[in-house]
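Shown next, in structure tokens, is the structure this report addresses.
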Amino acid sequence: MGRMSPEQLAELADELGRTNTAAPELVLAAARWYRTGHQQDAARAVGPIARNLLDAETELTTLRTVIARLIVGNDRGDDHSLSDLRHELRRAGIDLTHEYAAADDLARATESEAL
């Protein structure tokens with residue numbers, strides 16, 4: 001999916017209403033149904049899958065906006081750090097706890113290999 005404009009995101013959110021997100025199992029099943037010619041079954045999964053895409057696109061837009069704001073601030077003389085980025089992402093509702101843990105595990109593995 002290409003990036004959607006804020007207006008398109010708002011329109012999609014209105015269309016989806018209170019549609020729940022799709023579990024990973026539903027996404028995989030829908031792809032399988034589509035591939036095997038069961039388009040009607042796959043079509044029933046479109047709403048929840050579209051909600052996943054909307055949520056992902058919204059989070060990506062927020063992430064890009066936070067990063068751009070901090071970079072422009074630095075370009076204009078501010079001194080934002082990675083701690084500021086972490087704080088601003090948390091404030092924007094983007095939780096990277098799992099990514100931090102995975103990065104820490106990778107760093108530890110790399111350090112132990114270097115020994």
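The values are calculated or read from the model by the stated rules, or taken from the named source; none is laboratory data. The structure presented is a predicted model; accordingly, all values stated were derived computationally and were not measured. These area figures cover heavy atoms from the full protein model, side chains too; ligands, DNA and RNA do not enter into them. Shrake-Rupley method; radii C 1.70, N 1.55, O 1.52, S 1.80 Å.
Values computed for the structure shown
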| quantity | calculated |
| --- | --- |
| GNM top mover of G77, G47, G17 - the chain, alpha-carbon springs below 10 Å | G77 |
| Estimated D of the range 36-81 in µm² per second, where Rh is the Kirkwood radius over Cα pairs and Stokes-Einstein applies at 37 °C, 0.692 mPa s | 246 µm²/s |
| Reduced Cα scattering model of the range 1-59, Debye log10 I(q)/I(0), q = 0.18, 0.21 Å⁻¹ | -0.63, -0.81 |
| Stretch gain in nm, segment A107-A92, where the contour uses 0.36 nm per residue and the Cα spacing is subtracted | 2.8 nm |
| For H80, distant residues with modelled amide H under 5 Å away | N74 |
| Rg/Rh for the range 18-101, where both radii come from Cα atoms and Rh is the Kirkwood radius | 1.20 |
| Largest to smallest accessible area among I71, I49 [probe 1.4 Å] | I71, I49 |
| Computed [θ] at 222 nm, deg cm²/dmol, the chain (DSSP H ≥ 4; -39,500 (n - 2.57); rounded to nearest 500) | -24500 deg cm²/dmol |
| Length-normalised contact order of the chain in % [C-alpha pairs under 8 Å, at least 6 apart] | 21 percent |
| Residue-by-residue Karplus 3J(HN,Hα) for the range 61-76, coefficients 6.51, -1.76, 1.60, Hz, glycine and proline x | 4, 4, 4, 4, 5, 4, 4, 4, 4, 5, 5, 4, x, 5, 4, 9 |
